[in-house]
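S.K.: Before I ask anything, let me first share the structure, which is written out below as structure tokens.
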Amino acid sequence: MEALIQSFFNAEIAAAALPIVLDGLLNTILLSLLVVPLGLLGGLILALLANVRHPLVRWPLMAWVDFFRAFPPLVLLVLLFAGLPFAGLELGGFACVAIAFFLNTGAYYGEILRAGIDSVPVGQVEAARSTGLSGLQAMTYVVLPQAVRNVLPDLMSNTLEVVKLTSLGSVVAVPELLFQARQAQSVTYNPTPIVMAAVVYFLILWPLVRLLSRLENRALAARR
Amino acid sequence: MSKWEKFLDTFFNARVMEKYLPDILSGVLVTIELAVLIVISGLVAGLALALVRSLGLRPLNWLIIFVVDLFRSLPPLVIIVLMYFGLPAADVSPSGFVSTWISLALVLMSFSEEIFWAGITSIPKGQWEAARSTGLSFGQTLINVILPQALRLTIPPLTNRTIAITKGTALGTVVAVTEILGQASSAVSNSYNPSPLMMGAAAYIVLFLPVVVIGRWIETKFAWKR
């Protein structure tokens, strides 16, 4: 027991690693603040395009979304990070993460927002247009607010996944929480910093998980 | 060489591709093996937990809820890294393959338990009461009355989750699992040519695109009907 505490909850090492881990936490928060809006933007573009019912838009769009749902985000990230330099384009870990998330999480957000827009009755658009609003105005002021409200639990659930996914940044040397913890671990030969990172992730994300679990239970019960 | 030829020669180099094709294929096998293990063990464990939870034993349920919340909050990569680099300090040294399998199975277990449980609780209490009053035992009611209805309800969210978590097999690369991405990455550094990575990417699409398309079909087929 003593030995286990020494390896996994070593107070001395925890104290030494704390600044490094907190530094990583800050970067994880900054990274999330970058990639969540990027993903939402990508998703919004896809969802608005999905409103165009023309087959020349519809089919490529579906292929695009399915492609990125099938493609593991880590593979996309490595492809950008290790593949592009061969084409003479060296982007750095941070930019690669931003692009990969824009593409990958955009596809997921897009599916959710599309379902949200579909859930708003057509009559709403017709009523809005008949009062003189333009198509864009009707979308912005009438459809989207209701669409977002209708799929809010799904949007939150995806956002949780996106924040968790920022840990992939560690593979391409972005100094986020997991990367910093692994640095500290390799210097100290002790897994305490990784345990610290896990605890930090848990403390930050647990409230969201709790909330989601309640919302999801309610949603499934209501769908019967 | 024109620009286009140079591009092809770099990213789709036939000689490099031929040389590393066997490696990529062996990676495909490892990925499939890992994916099948994760899906089976994760879903079985998730269903088992949901069934235990339906017994309604308070302290046990709190434990289940905590475990589920824990594995829903932690990024899968963090769990894998913790198992692979952390456990050896406790004299347990799981291989990269085992670490990835167990970690992702735990994650799938947690997500699927939530979904199974939501499905079970969505069946009205009257169904339980009616079944029990006809003389069925608790177990018979659960298996013959509640689960068939609950499972149908859980299929669409479950397919989505399962696909998303199974794609996580690529994370195994970080702990030296020789799955597709791992094979492709080491081939890139050996050949100093990105063609193996393109092959790896193609392999993932060939493997997972049908699953996504089938998933879409399952979703519409089992879509909520009133």
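The values are calculated or read from the model by the stated rules, or taken from the named source; none is laboratory data. These numbers come from a predicted model, not from an experiment. Note: ideal-geometry Cβ built from the backbone for every residue, glycine included; neighbour counts use all protein chains shown. Ligands, DNA and RNA are stripped out before the accessible areas are found, and what is left, the full protein with its side chains, is counted by its heavy atoms. Shrake-Rupley method; radii C 1.70, N 1.55, O 1.52, S 1.80 Å.
S.K.: For the range B:40-60, indicate whether the set of residues that are within 14 Å of chain A (Cβ to nearest Cβ) and more than 19 Å from B:Ile120 (Cα to Cα) is non-empty.
M.R.: no
S.K.: Right, next: Open to solvent by 50 Å² or more (accessible area, probe 1.4 Å), within 9 Å of chain A (Cβ to nearest Cβ) and under 25 Å from the mean Cα position of the chain (by Cα): which single residue out of B:Leu153, B:Leu181, B:Leu209, B:Leu197 fits that description?
M.R.: B:Leu209 is the lone residue from the list that is open to solvent by 50 Å² or more (accessible area, probe 1.4 Å), within 9 Å of chain A (Cβ to nearest Cβ) and under 25 Å from the mean Cα position of the chain (by Cα).
S.K.: Go through (1) away from chain A (no Cβ under 12 Å); (2) of a type in the set (S, T, N, Q); (3) surrounded by 15 or more Cβ atoms within 10 Å (Cβ to Cβ); (4) free of Cβ contacts under 8 Å to residues at least 60 places away in the same chain and name the single condition B:Ser73 misses.
M.R.: Every listed condition holds for B:Ser73 apart from (1).
S.K.: Do we have A:Val65 as under 22 Å from A:Val151 (Cβ atoms), open to solvent by less than 20 Å² (accessible area, probe 1.4 Å), within 14 Å of another protein chain (Cβ to nearest Cβ) and of a type in the set (Val, Ile, Thr) here?
M.R.: Against the criterion (under 22 Å from A:Val151 (Cβ atoms), open to solvent by less than 20 Å² (accessible area, probe 1.4 Å), within 14 Å of another protein chain (Cβ to nearest Cβ) and of a type in the set (Val, Ile, Thr)), A:Val65 qualifies.
S.K.: The conditions are (1) among the basic types (Lys, Arg); (2) farther than 26 Å from B:Thr169 by Cβ; (3) surrounded by 15 or more Cβ atoms within 10 Å (Cβ to Cβ), and A:Arg58 fails exactly one of them. Which is it?
M.R.: Failing condition for A:Arg58: (3).
S.K.: What is the one condition in (1) among the aliphatic types (A, V, I, L, M); (2) over 21 Å from B:Gly42 (Cα atoms); (3) open to solvent by 20 Å² or more (accessible area, probe 1.4 Å); (4) more than 12 Å from chain A (Cβ to nearest Cβ) that B:Ile102 does not satisfy?
M.R.: (2)
S.K.: When only residues in the range B:212-223 that are open to solvent by 50 Å² or more (accessible area, probe 1.4 Å) and without any contact (Cβ under 8 Å) to a residue 60 or more places away in the chain count, which is nearest to the other protein chains (Cβ to nearest Cβ)?
M.R.: B:Val213
S.K.: Follow-up. Charged (D, E, K, R) and more than 10 Å from chain B (Cβ to nearest Cβ) - does that describe any residue in the range A:201-214?
M.R.: Scanning the range A:201-214 turns up at least one residue that is charged (D, E, K, R) and more than 10 Å from chain B (Cβ to nearest Cβ).
S.K.: Right, next: State yes or no: is A:Phe68 of a type outside the set (S, T, N, Q) and in contact with a Gly (Cβ under 7 Å, 6 or more places away or on another chain)?
M.R.: It is false that A:Phe68 is of a type outside the set (S, T, N, Q) and in contact with a Gly (Cβ under 7 Å, 6 or more places away or on another chain).
A quick yes/no check of all residues on (1) of a type in the set (S, T, N, Q); (2) within 29 Å of A:Leu31 (Cβ to Cβ):
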{"residue": "A:Ala107", "(1), (2)": "no, yes"}
{"residue": "A:Ile112", "(1), (2)": "no, yes"}
{"residue": "A:Asp118", "(1), (2)": "no, no"}
{"residue": "A:Pro121", "(1), (2)": "no, no"}
{"residue": "A:Gln124", "(1), (2)": "yes, no"}
{"residue": "A:Thr140", "(1), (2)": "yes, yes"}
{"residue": "A:Pro145", "(1), (2)": "no, yes"}
{"residue": "A:Asp154", "(1), (2)": "no, yes"}
